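Have a look at the structure below, then the notes.
The values are calculated or read from the model by the stated rules, or taken from the named source; none is laboratory data. Everything numeric here is computed off the predicted structure, so don't read it as measured data. For neighbour counting, all protein chains shown are included, and Cβ atoms are generated from backbone atoms with ideal geometry for every residue, glycine included. Accessible surface areas use protein heavy atoms only, side chains included; no ligands, DNA or RNA. Shrake-Rupley method; radii C 1.70, N 1.55, O 1.52, S 1.80 Å.
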Amino acid sequence: MPDYPAVLGVFSHRKNITVGSGTTKTTHQKLTYWFVRQVGDDTFDIQPLNIYHVPSGMREFIKGEAFLAHYTPEPNYYNVNTVPALHSLYEKISKGEEHLSEGDLDAAELEFLKALMIDDMNIEANYGLGTVYTEKNDFDKLARILKVLMGLGDAFSNEHKERLNAFGVRLRRNGHLDQATAFLEKAHEANPSDDHILFNLARVYFDKKEFGKCRTALLQALEVNPSFPEAKKFLIYCEKMAPAA
């Protein structure tokens, strides 16, 4: 069986645009470029390229017949423009994560900001910058990054599960309890069967002394994963603090 998703590269799409009417009516062709991945035998994931030649913005899913009829492969564009731009983008993200792991928050912030200049909706760079502002307790900048992440549906996808859990934990540990609640509740909505999101959400509720919600989240986590030892221990502790009615 083929491995999906598979990167197919950049494809162009041409669309005729008509402006005006009567004698002033003119038609011109609009050309756009799209980053394409095949995600199934007959399904393609397409995302527009921004002015820096990297995929950014809303992704769409299109079936094979429509895709093949309207999109043209652009291997030269991909190799000359998109590949080097993506390399530059992820080099900056990698450097930012390296600085972050070393505790150099200023250097990490600079690299993530450079990455966001190429793609302001890049999920990894926004998570990285959000982590920096969480550690710096910079509430205003953190609020702006959270707003971006909360608007990016893909930020809560299975692909970013480890990153979103780690970010939720950092928010809680640094005392951003309301922000952690909103973020992890959104993550739970997107991933209702993720036991670790439920566990981390329970810890936030506990810190806020919302023991009923804490207990409910732990019970849900154990329903998903009955052999979750940390959740079992935490549930016992939570019930000692606030026995169920």
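Couple of notes before you dig in:
- Rolling a 1.4 Å probe over the heavy atoms of the protein chains gives region 62-206 an accessible area of 50 Å² per residue.
- Cα gyration tensor shape of the chain, rounded if a/c is under 1.5, else prolate or oblate by comparing a/b with b/c: prolate
- Region 140-222: projected area of the alpha-carbon convex hull, averaged over directions, in nm²: 4.9 nm²
- Mean-square fluctuations from a GNM of the chain, with a 10 angstrom spring cutoff on Cα atoms, peak among L146, L49, L68 at L68.
- Computed about the Cα centre, the dipole magnitude for the chain is approximately 680 debye when only Lys and Arg (+1) and Asp and Glu (-1) carry charge, each at its Cβ.
- Taking a ≥ b ≥ c as the square roots of the eigenvalues of the Cα gyration tensor, an a/c ratio of 1.5 or more together with a/b no larger than b/c marks region 101-149 as oblate.
- Environment charge at A108 (Cβ cut-off 12 Å; Lys +1, Arg +1, Asp -1, Glu -1): -4
- Summary of the geometry: region 68-116 and region 175-245, compared by the centres of their Cα atoms, lie 35 Å apart.
- Where only DSSP H runs of four or more residues are counted, the chain gives -17500 deg cm²/dmol as its mean residue ellipticity at 222 nm, each run worth -39500 (n - 2.57).
- Protein accessible area in the chain, 1.4 Å probe - carbon and sulfur %: 53 percent
- Cross-link table K147/K233; K15/K147; K186/K208; K141/K213, entries beyond 23 Å C-alpha to C-alpha: K147/K233; K15/K147; K141/K213
- Residue of F44, F167, F183 that the Gaussian network model of the chain assigns the largest fluctuation, springs spanning Cα pairs under 10 Å: F44
- Overall form of region 180-234 per C-alpha gyration tensor (a/c, 1.5; a/b vs b/c): oblate
- GNM remark for the chain: springs join alpha carbons under 10 Å apart, and the peak mean-square fluctuation among S94, S56, S227 falls on S227.
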